[in-house]
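The values are calculated or read from the model by the stated rules, or taken from the named source; none is laboratory data. Since the model is a prediction, treat every value here as computed from it, not as a measurement. Positions of Cβ are generated from backbone atoms using ideal geometry, with glycine treated the same way; all protein chains shown enter the neighbour counts. What goes into the accessible areas is simple: the full protein's heavy atoms, side chains included, and nothing from ligands, DNA or RNA. Shrake-Rupley method; radii C 1.70, N 1.55, O 1.52, S 1.80 Å.
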Amino acid sequence: MVGQAQTPQGAAPRRGRPRDADTDRRILTAGLELLRAGGPRAVTVEAVADSSGVAKTTIYRRYADRHELLRAALVRAIGEPGQPPDTDPGEKIRWALNQTWQQMSDVLGPGGLAAIIGDTDRRFTDGFRRILLPYTDALVALIEADVAAGKLGSDFDADAAVSMMVGAYLGELLRRGTVDAEFTDQCIQLMLVAMTAGRK
């Protein structure tokens, strides 16, 4: 048609200006900070706009609602499982503990942890589990590989070990109110005893 711009064959149509990376960072950082402090219900578009200084209209252009925004903040914070150190089982346990506990302390914070423990927001709890699943599966696979290589006990349950890592953090937090480096070392020693029992 005369007077109408044509899109070259095979080219993708333009969809406006690219997103500003700093704006994305401010939105998701604000969402995560609200989650840590007050739980998932504190993460509203209005609260994120106030905290980040980004207009609600800009936020809604990126996320349909608070749930979508919260999920994006969690995905960004959790990321992909890293590569474990190619070393002895003790250092791998340390790596796994640090990686697992970081999700609870730095990503969820007190507000997110309280929501999951109390199951106060089922949609949030289910969403967090789905995001974390590839990560915990990677930890299970790491332990199973060491069992297959004869580095750990042949009857050791990798899946139970990952649940123990999560439970150890929660138990110490409930008892002491904090989790320090000394407790990490104690957990490593206890888990090494369990992991190497029955080793052939």
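If you go through the stretch 117-130 and keep only what is in a helix (DSSP H, G or I) and crowded, with 19+ Cβ neighbours inside 10 Å, you end up with PHE124, PHE128.
Condition check ((1) of a type in the set (A, V, I, L, M); (2) open to solvent by less than 30 Å² (accessible area, probe 1.4 Å); (3) more than 15 Å from ASP185 (Cα to Cα)) across all residues:
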{"site": "ILE59", "(1), (2), (3)": "yes, yes, yes"}
{"site": "ARG62", "(1), (2), (3)": "no, no, yes"}
{"site": "ARG71", "(1), (2), (3)": "no, no, yes"}
{"site": "VAL75", "(1), (2), (3)": "yes, no, yes"}
{"site": "ILE78", "(1), (2), (3)": "yes, yes, yes"}
{"site": "PRO89", "(1), (2), (3)": "no, yes, no"}
{"site": "ARG94", "(1), (2), (3)": "no, no, no"}
{"site": "ASN98", "(1), (2), (3)": "no, no, no"}
{"site": "MET104", "(1), (2), (3)": "yes, yes, yes"}
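Cβ-Cβ contacts under 8 Å between residues 6 or more apart (or on different chains), taken from a first residue in the stretch 60-85 that is more than 20 Å from ALA138 (Cβ to Cβ) to a second residue that is open to solvent by 50 Å² or more (accessible area, probe 1.4 Å), are listed as ARG62/ARG19; HIS67/ARG123.
Restricting attention to the stretch 142-192, the residues that are of a type in the set (D, E, K, R), open to solvent by 50 Å² or more (accessible area, probe 1.4 Å) and not in a loop (DSSP other than H, G, I, E, B) total 6. Tell me, please, whether a residue that is over 16 Å from GLY167 (Cβ atoms), β-branched (Val, Ile, Thr) and over 13 Å from the mean Cα position of the chain (by Cα) can be found in the stretch 94-110. No; the residues of the stretch 94-110 include none that is over 16 Å from GLY167 (Cβ atoms), β-branched (Val, Ile, Thr) and over 13 Å from the mean Cα position of the chain (by Cα). Restricting LEU133, LEU139 to residues that are in a helix (DSSP H, G or I), closer than 28 Å to LEU70 by Cα and open to solvent by less than 30 Å² (accessible area, probe 1.4 Å) narrows the list to LEU139.
With the structure loaded, tell me whether ALA149 is farther than 25 Å from SER105 by Cα, of a type in the set (Gly, Ala, Ser) and within 24 Å of the chain's Cα centre (by Cα) or whether it fails that test. Can you show your working first?
Values: farther than 25 Å from SER105 by Cα: yes; of a type in the set (Gly, Ala, Ser): yes; within 24 Å of the chain's Cα centre (by Cα): no.
Answer is no for this residue.
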